[in-house]
Structures are given as C-alpha cells and as structure tokens.
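The values are calculated or read from the model by the stated rules, or taken from the named source; none is laboratory data. In this text the structure is predicted, and so the values were computed from the model without any measurement. A quick note on method: Cβ atoms are made from the backbone with ideal geometry, for glycine too, and the neighbour counts reach across all protein chains shown. When the accessible area is computed, the model is the full protein with side chains, heavy atoms only, and any ligands, DNA or RNA have been set aside. Shrake-Rupley method; radii C 1.70, N 1.55, O 1.52, S 1.80 Å.
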Amino acid sequence: MNLQRRQLVGVGLASSASLAAPSIWAQGIASRSPMVGQIADVSNAYQDISKDFIIGSRAAWQEINAAGGIRGQRIRHQVIEMDGSVAQRDASWQQLRDDENCVATFGTCADPLAVQITTKNSNERTELVHSAPWLQNSAVDIERGTFPIFSTREHQIQHALQNMSNVGITSLSVVYQSERDFMSNTLDIQRIAKNLKLTLKQLPVQADLLQQARQISATQVPLVLFVGGTPELVQFMQGWNRSGGIRYIVALADVNLQTALQMSGGKHVPVIGTQAVPVVTSSARIAQRFRQVLAKYFDEPPTALSLAGYISARYTAQVMQSAKSLNRSAVFEAFSRRQTMEVDGFRVELENGRLQSAFVTQSMMRMDGRVIG
C-alpha cells in the first residue's frame with residue numbers, strides 16, 4: 001500500500017463501472033427474487049471507504065446465500081455506485097424505491113450520502129427500509145425508515161477523550177480535509193464539544209495539509225481532531241514537526257490506521273484511531289468469522305471498513321429473517337419492531353426502537369511506528 005492507494009482504487013472502480021450514470025453490480029442472475037440494494041459514493045473523496053465497505057457487504061451476502069439464503073430464498077445484492085452528485089443520488093434512490101423486488105436498502109456509504117438518504121427516506125415516508133448505513137453524523141434527525149447500528153462521531157470522540165482523561169486535556173482543535181467536510185460536520189462537532197465541555201477551535205480549511213501540520217505543530221495545541229480520509233491524514237502526519245510535550249491526533253472511523261502506517265513517512269505524533277467495529281485481528285466471534293469469509297471469497301486484506309460492511313449486511317439479513325414474508329411491507333414491519341440483538345457478539349442495543357449505545361474501540365499509532373490495539 002502506498003500514497004497512490006486512492007488513485008489505484010479509482011482505476012479499479014472505473015474499470016468495472018462508468019460514472020456517467022449510476023452503475024450496478026448484481027450478485028447472481030437478475031430475477032424477480034428478493035433484492036437488497038446498496039448505494040455507494042465512489043467519488044474521489046469517498047472511494048477508499050466505499051471500496052472496502054462494499055467488499056465486506058458482498059462477502060456477507062455470498063456467505064448468506066451459500067447457506068441457503070433467507071427463508072430458503074436467495075437474496076440478490078445490488079450495488080449502485082454513484083459519483084456524489086445530487087442527480088445521481090436521486091436517480092439511485094429512485095431506482096431502488098421504484099423496484100418492487102427491492103425489499104430493503106442497507107449499508108449506504110459514505111457518511112454524507114448516508115445522511116442525505118436518511119433525510120430523503122424520512123421525508124418521503126416510504127416503506128423501504130434503510131438499514132445499517134455508514135452514518136457517522138450524530139446531528140442528523142432520524143425520524144422514520146432508517147435503522148442505524150454504528151457509533152457516530154460523538155460516540156467515537158467521547159470514547160477517545162474519556163480514555164485520555166488522565167492527560168487533563170480540555171480543548172480541541174479540528175482540522176478538516178476539505179470545505180465539503182467542514183460544511184457537513186461543523187455543526188455536529190460544535191454540539192459534541194459543547195456536550196463534552198471542551199473549548200473548541202475549528203481551523204480554517206487549507207489545501208496544503210503538510211503546511212497546516214507544520215503551523216499547528218509549532219504551537220502548543222495538545223489535541224487535534226482530524227476529519228478526513230486515510231491519504232489526507234498521512235499527508236497531515238508527514239508535515240508534523242516533532243515537538244516537546246504531550247500531543248495527539250485523533251482520527252475517526254473513516255481512517256484505517258494500518259494503511260496509514262504503511263503509507264506514512266515520518267512519525268512525529270501519536271495518532272488515536274477510533275473504530276465502530278471490533279479490531280479485525282481480534283478474537284471477537286464476528287471478526288473471526290469475517291476473516292474466514294473474506295479469505296474464502298476475496299483476495300483482500302481485512303480492514304475495519306470491510307468488517308463494517310460485513311456486519312451491515314449480516315445485521316440486515318438477521319432482521320429480515322424475522323419478517324413474516326420477504327416483501328417490502330413485511331420487512332419494514334420487522335425492522336419497526338426490532339429489539340436489541342447480537343450478530344456473532346456484535347451487540348446492537350436499542351431502547352424504544354432507537355439505538356441506545358454503540359460499539360466503539362480504538363487503536364493507537366505510536367511514534368515508534370507500531371499500532372497498538
């Protein structure tokens with residue numbers, strides 16, 4: 001893995017599907033069998049996330065169908081790739097909404113798209129389930145139709161800060177990789193800082209992350225929250241000048257620390273990475289099963305995001321299994337009465353039908369180049 005990961009991912013996706021219009025990958029031969037739809041933003045900004053998430057989801061549905069499907073029926077998994085535009089987002093959603101064989105949608109990624117689809121589905125008040133999206137924004141209003149299972153930024157930041165409480169940090173500086181990320185997340189971050197009683201400084205977006213890191217590392221800022229992807233975090237890290245005192249960068253669940261370690265040059269500051277799923281190398285039952293399934297169906301290394309995609313599909317299938325039949329209204333009814341459940345030890349805890357608490361863990365990339373956790 002190197003700094004060309006994002007470009008290489010883009011080539012791979014482009015070779016299988018044109019972005020001139022929403023494109024489809026379908027498992028199995030198209031038929032009138034029950035179908036689950038997944039919309040993914042594969043634009044340059046989010047293809048790192050979507051690529052891994054889709055691989056995990058595809059592995060899960062292959063496993064499910066190989067074991068007999070749901071209620072003895074093979075489930076078609078249809079992925080629609082879109083370029084991040086409003087036109088393609090709306091066309092993708094309409095395609096699934098208008099397909100009577102689509103009994104549920106799941107695993108929408110990345111976060112901005114998940115937020116938009118959550119809002120559309122709530123406003124339209126359809127009976128099309130929007131299950132287990134990669135929804136990181138904790139400010140979005142979830143009224144109807146969306147059923148999240150993953151921890152949000154608020155969960156992740158709170159977890160990271162609680163684990164650093166002995167350091168006595170009371171302020172937080174935020175670096176955004178782009179204006180788009182700033183616009184999407186600034187209100188969410190402001191609310192989180194207020195709830196955690198942190199002094200907040202949201203730094204202006206700069207095109208040159210190397211230079212921005214040099215500027216920040218020359219100050220006494222103790223903690224920087226980085227909102228962005230893995231390649232951008234690497235650029236930011238490489239511009240960091242070693243300095244005295246305790247300094248940390250916190251990266252959220254969109255970042256893969258193992259990949260960042262492989263891509264990184266100088267390591268002058270510890271990086272805390274939060275995850276919404278168990279560590280992929282852990283002995284957790286869901287992680288063990290995922291590694292086995294991924295090795296069986298794909299020649300890809302396991303990542304936190306591909307594990308998230310796998311869990312998203314497995315959770316969706318588990319709730320669908322409880323439906324009275326495999327049609328849209330019955331599946332929606334099954335999700336509407338869902339209870340706390342576990343997917344091979346991954347616990348989705350609900351209260352009055354809403355996500356009450358969500359899984360968070362973290363790893364740390366130390367200055368000596370090792371990843372712990």
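Key figures
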item	result
Single residue of V348, V271 found to be in contact (Cβ under 8 Å) with a residue 24 or more places away in the chain and out of contact with any Asp or Glu (no Cβ under 8 Å at 6 or more places or on another chain)	V271
Extreme residue, nearest to Y310 (Cα to Cα), among residues of the stretch 334-345 that are of a type outside the set (D, E) and without any contact (Cβ under 8 Å) to a residue 60 or more places away in the chain	V343
Any hit, the stretch 162-184, residues being open to solvent by 10 Å² or more (accessible area, probe 1.4 Å), part of a loop (DSSP other than H, G, I, E, B) and over 28 Å from L225 (Cβ atoms)	no
Search result, residues across the stretch 33-70 that are assigned to a loop (DSSP other than H, G, I, E, B) and either in contact with a Pro (Cβ under 9 Å, 6 or more places away or on another chain) or of a type in the set (S, T, N, Q) (or both)	S33, S43, N44, A45, Y46, G69
Residue pairs meeting the criteria (Cβ under 7 Å; at least 6 apart or on separate chains; first closer than 18 Å to L350 by Cβ, in the stretch 316-333; second among the aromatic types (F, W, Y) and assigned to a helix (DSSP H, G or I))	V319/F335
Conditions (1) open to solvent by 80 Å² or more (accessible area, probe 1.4 Å); (2) under 19 Å from I272 (Cα atoms); number of the one not met by K197	(2)
Selection count where residues are open to solvent by 50 Å² or more (accessible area, probe 1.4 Å) and not in a helix (DSSP H, G or I), scope the stretch 71-101	7
Residue among A253, A207 that alone is open to solvent by 50 Å² or more (accessible area, probe 1.4 Å) and within 25 Å of the chain's Cα centre (by Cα)	A207
Any hit, the stretch 276-289, residues being of a type in the set (K, R) and more than 26 Å from T152 (Cβ to Cβ)	no
Within the stretch 138-158, considering residues that are of a type outside the set (K, R) and outside any loop (DSSP other than H, G, I, E, B), the one farthest from F359 (Cα to Cα)	T146
Of residues in the stretch 126-160 being more than 18 Å from R337 (Cβ to Cβ) and of a type in the set (D, E), the one most open to solvent (accessible area, probe 1.4 Å)	D141
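One line per residue, one yes/no per condition, for (1) at pLDDT 95 or above; (2) farther than 17 Å from D52 by Cβ; (3) open to solvent by 10 Å² or more (accessible area, probe 1.4 Å):
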{"position": "V293", "(1), (2), (3)": "yes, no, yes"}
{"position": "F298", "(1), (2), (3)": "yes, no, yes"}
{"position": "Y310", "(1), (2), (3)": "yes, no, no"}
{"position": "V319", "(1), (2), (3)": "yes, yes, no"}
{"position": "E333", "(1), (2), (3)": "yes, yes, yes"}
{"position": "G345", "(1), (2), (3)": "yes, yes, yes"}
{"position": "E351", "(1), (2), (3)": "no, yes, yes"}
{"position": "D368", "(1), (2), (3)": "no, yes, yes"}
{"position": "G373", "(1), (2), (3)": "no, yes, yes"}
